[in-house]
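Each remark here refers to the structure printed beneath this line.
The values are calculated or read from the model by the stated rules, or taken from the named source; none is laboratory data. Only a predicted model underlies this, so the values are computations on that prediction, with no experimental measurement involved. Because the Cβ atoms are built from the backbone with ideal geometry, glycine has one as well, and the counts that use them run over all protein chains shown.
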Amino acid sequence: MMRRLLLVVWLLAGAVAPVLAFQPPAAQSEYVPVKDLPPVDQLPAAPLLVAAYSFIWLAAMFYLWTIWRRLGKVEAEMRALEQRRSHSNR
Amino acid sequence: MFVRTALLVLRKDFAIEVKSREILYTTLLFALSCVLVFSIAFVKEGEPLEDAAAGILWIAIEFAGTLALGRTFERERYGETLRALLLAPAPRAAIYVGKMLGIVVLLTVCELLLVPLVALLFRSRLFEEPVLLVVLLLTGTIGFAVVGSLFAAMLVRARTRDVMLPILLYPMTVPLMIGGVRGTVALTQTPVDQASAVMWIVLLLCMDAVFLVLALWTFEPLMTE
Amino acid sequence: MKKAFLPLLLLAAAMFAYAPVVIAHADYESTMGLVQKVMYFHAPSGMVMLMSAVVCGVASALYLWKKDPAADRVAIAAAELTALFGLIVLVTGPLWARKAWGVWWVWEARLTMSFVGWLIAVGYLFVRKYGGPGSDKLGAALAVFCTANVPFLYCSFNIWRTMHPMTTVVPTLQPGMRGAFWFSALTLFLLYGLLLTARIHLERQRTALDQLYLAEED
């Protein structure tokens, strides 16, 4: 049961989140006051920011997936044991 | 009772070692090889890099110490004497202290050779303040032995004990190494930076005290199964 | 508790997805500009990592001295999460630093400490996996030593000058940034709680499985 829940959530999160996340943020393409201009630099900051955010998503989802997989194995073994026991009890 | 047991364990290790000197010689030679390898990395055009000697000394101590720890407890495991020691009607913490003191003695003997050698090979003015240097080396070595003996004793039964010991030991002894290296660097400056060196010695002493107390507390629950 | 898991997880996911919008509306920081916004996830991840390390340390101490198996389960779950959030901190930090400081990495106080702390957490996981018999106790001792080591690590690293923003940055955040920061922090804390619960559940199932095997042998 837990496994199925985790799977549903994981798929939902994976599908919905990037859609929401990568919508262009409204405030930025509008005016930016001169005093707020970031210092001119060779590196564009946006890819770094996006990479950081994506990494967190991926890491969290990967971890959830590993828990789901391990839980699956444990529950499969438990079911197998239960079956064996019920067979031997007959 | 406690002190007697610890000293007895120390004497036992000493007696075994004096017979064959196996661990001593191999540890020494390994430390020398370390120094050789580091010389390739840290010597530029025949001149050693600044302050490299301090780092090389402490890394050689740490690497050689890790090996010595592994080998000492391997000897116990091989002879199955660890179980016998634990079965003895002696306070377990005393056994730990005895083994730890053995490692300290072994490493001190290695350092007696290493320090002059590093000073010579890397033209480092390590002996400007010999007393402070000795105290620094001693506090650092004791700290390393305290943590190392505990982890090595616990890993004796593990299959991957050889590689697990450095994996666990090196991050844990990072502050000890920092203290040792920075303190040694302070002692090799042209006007010797005594204040820094003393500060690092005090910090190392605090670490030694905390680690020793922790080790004595945890040895008992750790060794019971 | 179990019934609340799914809705809370959905909530955390939604918050996380919405966070960039919140962050985008937060004020621009004057010297670092856009890339400073990594802070909204980097700093709370750091907080979560430290909190998880403390949880692991306390649980390990309980396990070592009170021999409570539930404490052991909490300890291993917290250690895994320390490693996870530590990895997040160690990846997002350099991504921020590359732009803000010009270098990927600097060997000073907090960075080195995070790195060492992460190594110890991973070492803990290795010990639990490859340590053989008695590895649960050894892991617990490792966690306890790590917790005791923290002030020394901090002290020894701190004696060098630091480039890393001081911890006073958080309480003195501008109002325009405060909302976004605490929103992200809340998201990450919620995520941490949920992941911890899931992991402890896995560990509990494993223990139950072991009991079943033992019962079968009898």
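Checked against (1) modelled with pLDDT of 90 or more; (2) of a type outside the set (K, R); (3) over 30 Å from B:A94 (Cβ atoms), B:D193 passes all but a single condition, namely (1).
Restricting B:V146, B:V185, B:V134, B:V163 to those that are part of a helix (DSSP H, G or I), more than 8 Å from chain C (Cβ to nearest Cβ), in contact (Cβ under 8 Å) with a residue 40 or more places away in the chain and surrounded by fewer than 22 Cβ atoms within 10 Å (Cβ to Cβ) reduces the list to B:V185. Is it the case, given these coordinates, that B:T218 is under 25 Å from C:G117 (Cα atoms), part of a helix (DSSP H, G or I) and more than 11 Å from every other protein chain (Cβ to nearest Cβ)? Against the criterion (under 25 Å from C:G117 (Cα atoms), part of a helix (DSSP H, G or I) and more than 11 Å from every other protein chain (Cβ to nearest Cβ)), B:T218 does not qualify. Just one of the listed residues (B:L214, B:L176, B:L169, B:L222) is modelled with pLDDT under 90, aliphatic (A, V, I, L, M) and either in contact with a strand residue (DSSP E or B) (Cβ under 9 Å, 6 or more places away or on another chain) or under 22 Å from B:M154 (Cα atoms) (or both), and it is B:L222. Here C:W107 passes the criteria (1) under 26 Å from C:L202 (Cβ atoms); (2) within 11 Å of chain B (Cβ to nearest Cβ) except the one numbered (1). For region C:89-110, filtering for residues that are within 23 Å of C:P151 (Cα to Cα) and in contact with a Gly (Cβ under 9 Å, 6 or more places away or on another chain) leaves 4.
Considering only residues in region B:49-70 that are aliphatic (A, V, I, L, M) and within 14 Å of B:L169 (Cα to Cα), the one that is surrounded by the most Cβ atoms within 10 Å (Cβ to Cβ) turns out to be B:L69. Contact map, region C:207-218: residues that are facing another protein chain (nearest Cβ under 10 Å) and within 24 Å of C:V74 (Cα to Cα) paired with residues that are modelled with pLDDT of 85 or more and surrounded by fewer than 12 Cβ atoms within 10 Å (Cβ to Cβ), Cβ distance under 6 Å, separation 6+ or inter-chain. No pairs are found. Of the residues making up region C:70-126, those that are buried (at least 19 other Cβ atoms within 10 Å of the Cβ) and among the acidic types (D, E) are C:D72, C:E80. Kindly evaluate B:K44 against the criterion of being free of Cβ contacts under 8 Å to residues at least 24 places away in the same chain, within 28 Å of B:A119 (Cα to Cα) and surrounded by fewer than 20 Cβ atoms within 10 Å (Cβ to Cβ). So B:K44 passes the test.
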